[in-house]
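Data first, discussion second: the structure below is written as C-alpha cells.
The values are calculated or read from the model by the stated rules, or taken from the named source; none is laboratory data. If you're wondering where the values come from, they're calculated on a predicted model, not measured in any experiment. With ideal geometry, Cβ positions are generated from the backbone for all residues, glycine too; neighbour counts draw on all protein chains shown. Only protein heavy atoms, including side chains, enter the accessible area calculation; ligands, DNA and RNA are left aside. Shrake-Rupley method; radii C 1.70, N 1.55, O 1.52, S 1.80 Å.
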Amino acid sequence: MAAALPLVTITPGDERRRPEALVTWRRRKMAAPSVAGPGPGPAPLLRVVAECGKSRARAGELLLPHGPVPSPVFMPVGTRGTAKGITAAQLAALGCRICLGNTYHLGTRPGPELVERAGGLHGFMDWPHNLLTDSGGFQMVSLVSLAEVAEEGVRFRSPYGGGEILLTPERSMEIQNALGADIAMQLDDVVSSTTTGPRVEEAMLRSVRWLDRCLAATPRPQRLFGIIQGGLDPALRTRCLQEMTQRDVPGFAIGGLSGGEDKSSFWRMVKLSTDLLPPNKPRYLMGVGYPTDLVVCVALGCDMFDCVFPTRTARFGSALVPWGSLQLKNRRFATDFRPIDPDCACPTCQRHSRAFLHALLRSDTAALQHLTLHNLHYQLTLMGSIRQSLLARRFPEFVRGFLGTLYGSRGGVPGWVLDALSSVNITLD
C-alpha cells in the first residue's frame, strides 16, 4: 500500500494554485473514518422514522459518516467513480446522497493505491457524500467467461490484457478500505439467478464462509454488509439467512436476484428474506431498479436499491415518465416541443424539448447526458415520493396511484404485482 502523502498547510484559494495541496485539501475535507481501524462496537446504522400500517414498508435514515441518507433510497451506480454520462457534481445537484463504486473495476483500473493517494474515492471523484462499494462478486456473473471460482477466491483473466487477478475476501476488503467506503460489501460467491442444482448450495455455503473471512480481515466491521444467497430455493435462502444473521454486521443485502428469473419467484424470495432479516437493520436489495419493482419491494420491506437501469436506458434514448417511457429516437418526437414530462423539475425538462433531444440523439452525445440527468431525477424523485407517503401514512394510496398512472385499469397491472402486494395487505380495490 502506498505511503501517505505529507500534509500541507494551505490557505483558502491556495488549493486552486497547488495541485499537491488540492489533493491534501480534498483528503481533509472528504475523508471519512476508514472501514478498518480501532474503534468502539457497532453503532446502529438505521433509524426508522415511520412504518406503513398495512405493508412492511418503512421510512428511515441511514446514519453514515458523510451525512444521513433518507430511506428508502435508490443508489445510482458509479462503476469507476461516476455514474455514466454525468459528473459527480451533477449527481449531487439532483439530491443524491449515496452512490456506488465497484471494487473489481476500480481495483484493476486505476488501482486502489492511486485512489488512496487521492484521499480515497471521495477525493478522487470529488464526491462529498456517501459511497457504497460493491465487493466484486457480481463480476463472477457479468464476467463469467473470465472467472474461475475456488475456495481461495475468484481468479479473473484481466479484460484489459495481461495476467490474472485473484480476488479473495481479504483482498476485496483491502481494496474497499483503500477506496474509503462508507458501506462495504462482503465478497460473496455469486451465481446467476436462473442457475439450479448443487452449484447454488455450494455458492450459498461459500458466501457464509467468505463473510467470516471478510469480518476477520476487517478490524472495524461496523459498515460491512453480509449478502444473502440461496438462489430461488426457499430452503437454501432460509438456511443462509439463519447463518448470516448470527454475524454481528450492521446491515444485509439480498443478492442473487433480478437476473432473469420469473417475477413470481423473485418477489417470493424478496419477501422470504425481509421476513427473516432483523427489523432494526437496513435491507438492501441488490440490482433492482425498474420503477414497479422499487415500489413493490419497498412494500415488501426493502430499504436500499441500486441498478444501472436509469443510466443504461438513457443511453438507448429512452426517458422514464410516470406512465412508462418515451423512446425519443422515434420520429413522432421530431416536432414535439413539450418537455419530456411537463411536471418534472429536472434540469433537462426545465430547459429542453422532446424535439431538441430527438435531434441531438442522432448527432450529439450531449443528448445522453440530458437523458441521464432526467432518468436519475425520476428515480430519486420516485423514492422521495414513496418516503413522503410513508411519513404521511398514505403509502397504500400512493401505490394505487402509481400503478393506476403506469398501467391504467386494474386489469393492466401484472399478476405478480397484485400477488406481491396482496401478501403484505395492499389491494387495488
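Restricting attention to the stretch 269-287, the residues being basic (Lys, Arg), in contact (Cβ under 8 Å) with a residue 40 or more places away in the chain and within 16 Å of GLY230 (Cβ to Cβ) number 1. Residues in the stretch 367-384 that are within 23 Å of the chain's Cα centre (by Cα) and open to solvent by less than 20 Å² (accessible area, probe 1.4 Å): LEU371, THR372, LEU373, HIS374, ASN375, LEU376, GLN379, LEU382, MET383. Against the conditions (1) in contact with a Lys or Arg (Cβ under 8 Å, 6 or more places away or on another chain); (2) more than 30 Å from GLN242 (Cβ to Cβ); (3) in contact (Cβ under 8 Å) with a residue 24 or more places away in the chain, SER318 satisfies every one except (1).
Here is a yes/no grid of residues against (1) of a type outside the set (Asp, Glu); (2) in contact with a helix residue (DSSP H, G or I) (Cβ under 6 Å, 6 or more places away or on another chain):
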{"site": "LEU166", "(1), (2)": "yes, no"}
{"site": "GLU202", "(1), (2)": "no, no"}
{"site": "TRP210", "(1), (2)": "yes, yes"}
{"site": "ARG213", "(1), (2)": "yes, yes"}
{"site": "GLN246", "(1), (2)": "yes, no"}
{"site": "GLY260", "(1), (2)": "yes, no"}
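Of GLY251, GLY230, all but one fail to be in contact with a Lys or Arg (Cβ under 6 Å, 6 or more places away or on another chain) and under 20 Å from ALA43 (Cα atoms); the exception is GLY251. Residues of the stretch 48-71 that are more than 16 Å from ASP182 (Cβ to Cβ), open to solvent by 20 Å² or more (accessible area, probe 1.4 Å) and not in a loop (DSSP other than H, G, I, E, B): VAL48, VAL49, GLU51.
Restricting the first member to the stretch 352-377 and to residues that are in contact (Cβ under 8 Å) with a residue 12 or more places away in the chain and assigned to a helix (DSSP H, G or I), and the second to residues that are open to solvent by 50 Å² or more (accessible area, probe 1.4 Å) and among the aromatic types (Phe, Trp, Tyr), the beta-carbon pairs closer than 6 Å and six or more apart or on different chains are ALA355/PHE337.
Of the residues that make up the stretch 322-338, is at least one buried (at least 19 other Cβ atoms within 10 Å of the Cβ), β-branched (Val, Ile, Thr) and either at pLDDT 95 or above or within 30 Å of SER409 (Cα to Cα) (or both)?
Step one: of the stretch 322-338, the residues buried (at least 19 other Cβ atoms within 10 Å of the Cβ) are 326, 328, 333.
Restricting the remaining residues to those that are β-branched (Val, Ile, Thr) gives none.
No: the stretch 322-338 contains no residue that is buried (at least 19 other Cβ atoms within 10 Å of the Cβ), β-branched (Val, Ile, Thr) and either at pLDDT 95 or above or within 30 Å of SER409 (Cα to Cα) (or both).
Here's the yes/no breakdown for (1) over 16 Å from VAL298 (Cβ atoms); (2) modelled with pLDDT of 95 or more; (3) open to solvent by 20 Å² or more (accessible area, probe 1.4 Å):
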residue	(1), (2), (3)
PHE356	yes, yes, yes
THR365	yes, no, yes
ILE386	no, yes, no
SER389	no, yes, no
THR405	yes, yes, yes
ARG410	yes, no, yes
TRP416	no, yes, yes
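Checked against the criterion of being closer than 29 Å to LEU45 by Cα, surrounded by 22 or more Cβ atoms within 10 Å (Cβ to Cβ) and at pLDDT 95 or above, the candidates LEU167, LEU131 yield just one match: LEU131.
Criterion applied to ALA319, ALA299, ALA314 was being small (Gly, Ala, Ser) and under 15 Å from GLY60 (Cα atoms), and the one residue passing it is ALA299. The set of residues in the stretch 222-250 being of a type in the set (Asp, Glu) and under 26 Å from THR133 (Cβ atoms) consists of GLU243, ASP248.
Residue count for the stretch 80-93 satisfying the condition of being under 16 Å from the mean Cα position of the chain (by Cα) and either hydrophobic (A, V, I, L, M, F, W, C) or not in a loop (DSSP other than H, G, I, E, B) (or both): 4.
Looking across the stretch 383-394, just one residue is touching a residue at least 60 places away in the same chain (Cβ under 8 Å) and in contact with a helix residue (DSSP H, G or I) (Cβ under 6 Å, 6 or more places away or on another chain), and that is ILE386. If the condition is being part of a loop (DSSP other than H, G, I, E, B) and either under 13 Å from the mean Cα position of the chain (by Cα) or on the phi > 0 side of the Ramachandran plot (or both), then the stretch 94-108 contributes GLY95, CYS96, ARG97. Residues being farther than 21 Å from ALA314 by Cα, in contact with a His (Cβ under 6 Å, 6 or more places away or on another chain) and open to solvent by 10 Å² or more (accessible area, probe 1.4 Å) are entirely absent from the stretch 72-94. Checking the conditions here, which among PHE305, PHE266 is within 17 Å of GLY226 (Cα to Cα) and of a type in the set (Phe, Trp, Tyr)? Every option except PHE305 fails the conditions.
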